[in-house]
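Each value in this text was obtained by applying a stated rule to the coordinates, not by laboratory testing. None of these values were measured; they are calculated from a predicted model. Cβ placement follows ideal geometry from the backbone for every residue including glycine, while neighbour counts extend to all protein chains displayed.
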Amino acid sequence: MSDPYARSARPYRSVLYIPASKERALEKAQTLQTDAIIFDLEDAVAPDEKIAARDILKNRLQQGGYGKRAQIVRINGSDTVWGKDDLVALAAIGPEAILLPKVNTAADIEAVAALLDTIPAARDTQIWAMMETPLGILNAAAIAAAPRMAGFIMGTNDLAKDLGSRTRGAMHFALQSCLMAARAHGIVCIDGVYNAFKDEDGLHAECLEGRDWGMDGKTLIHPAQLEIANKVFSPSEPEIDLARRQIDAYDAAIARGEAVAVVDGKIVENLHVETARAMLAKAEAIAELEQI
């Protein structure tokens, strides 16, 4: 039986944080070209606004209007006075996904999954994990395999704080460890934020690095970052053209009774064709999503 929470071909090039307390921002998000939205009840909401933000978000999600954008709700941690109430209140309306902050072990996921199992409306609700603590990074494989798990969000700011690090390079082990665990268990892995939202060159470079590693997309803190992330994490026209030519050449080779083809002086085997087909499927999914 297939896992309903396993990674899909759905695009996650751009994953934008939106404060759940800001009604204007929640409304504007319905018009933005973002693949996914993280409705944030945690860091983006002041303590004295937490309860009101929960109610605002619950009402907004019930109203709908976000089209095909993936909808992920980041609740407060279980160690806070708001965390359990966030989870119970939002689970009652069956959100697409719940994002848990500061996940340390698979037990953190299992506890939430067990609660969701008791709520009929949350039957299909996925769980995503913020990977932002040293312990969480070291337990990435077990967390990725936990019930209802569908994705990792890299929390590089909190991780940098815990490590006492100052550079992107210090994140490489954590980022690549989580990516490896995500791929081993068929879930999505989204790169961390780029804080200097007016620095387009810096964002572009960091998106390129994440893309080339294999990340599914980039978390973003400002709508101005959407265009760059969407472009970098989309297949380019030359890549799409090459993928089509590889598939055609390989199919022709198989028809001749041969196991490999040659395109642009390079061998094309079945594994290359699988990659090519996945790229075309992603391009088609992006084209459909961009009709929103």
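What number comes out for the charge environment of Glu200, summing +1 per Lys or Arg and -1 per Asp or Glu over other residues with Cβ under 12 Å away?
Working: positive: Lys198, Lys231; negative: Asp199, Asp201, Glu206, Glu227.
Neighbourhood net charge equals -2.
Working note: Karplus 6.51/-1.76/1.60 with θ = phi - 60° gives region 162-178 the couplings 5, 7, x, 9, 10, 10, 4, x, 5, 8, 4, 4, 5, 4, 6, 5, 5 Hz, where Gly and Pro are set to x. Peptides 155-167, 99-111 ranked from most to least packed, by the mean per-residue count of other Cβ atoms within 10 Å: 99-111, 155-167. Ordering of 266-275, 66-75 by packing is 66-75, 266-275, highest average first (other Cβ atoms within 10 Å, averaged per residue). Amide hydrogen proximity for Leu220: with H placed 1.01 Å from N in the peptide plane, the residues at 5 or more positions away or on another chain lying under 5 Å are Val15, Leu16, Tyr17.
Figure the gain on full extension for Ala170 and Asn195 (residue separation times 0.36 nm, minus the Cα-Cα span) and round it to one decimal in nm. Provide the component values of the computation, followed by the final result.
Details: separation 25, 0.36 × 25 = 9.00 nm, distance 1.61 nm.
That works out to 7.4 nm of additional length.
Electrostatic tally near Ala53: other residues with Cβ closer than 14 Å to its Cβ, Lys and Arg +1, Asp and Glu -1, net -2.
Each Lys or Arg adds one and each Asp or Glu takes one away; over the other residues whose Cβ falls under 10 Å from the Cβ of Arg74, this sums to -4.
For region 67-125 versus region 188-226, the spacing of their alpha-carbon centroids is 25 Å. Considering only the chain, what is the antiparallel percent among its DSSP beta bridges, to the nearest 5? Within the chain, antiparallel bridges account for around 10 percent of the total.
When the inverse distances between all different Cα atoms of region 237-289 are averaged and flipped, the Kirkwood radius reads 11.3 angstrom. Ignoring lysines fewer than eight residues from Lys218 along the same chain, the ones with Cα atoms less than 25 angstrom from its Cα are Lys22, Lys28, Lys68, Lys102, Lys161, Lys198, Lys231, Lys282. Protection proxy ranking of 76-83, 172-179, by the mean of other Cβ atoms within 10 Å over each peptide's residues and highest first, is 172-179, 76-83. The Rg/Rh ratio for the chain is 1.00, where Rg is the radius of gyration of the alpha carbons and Rh is the Kirkwood radius.
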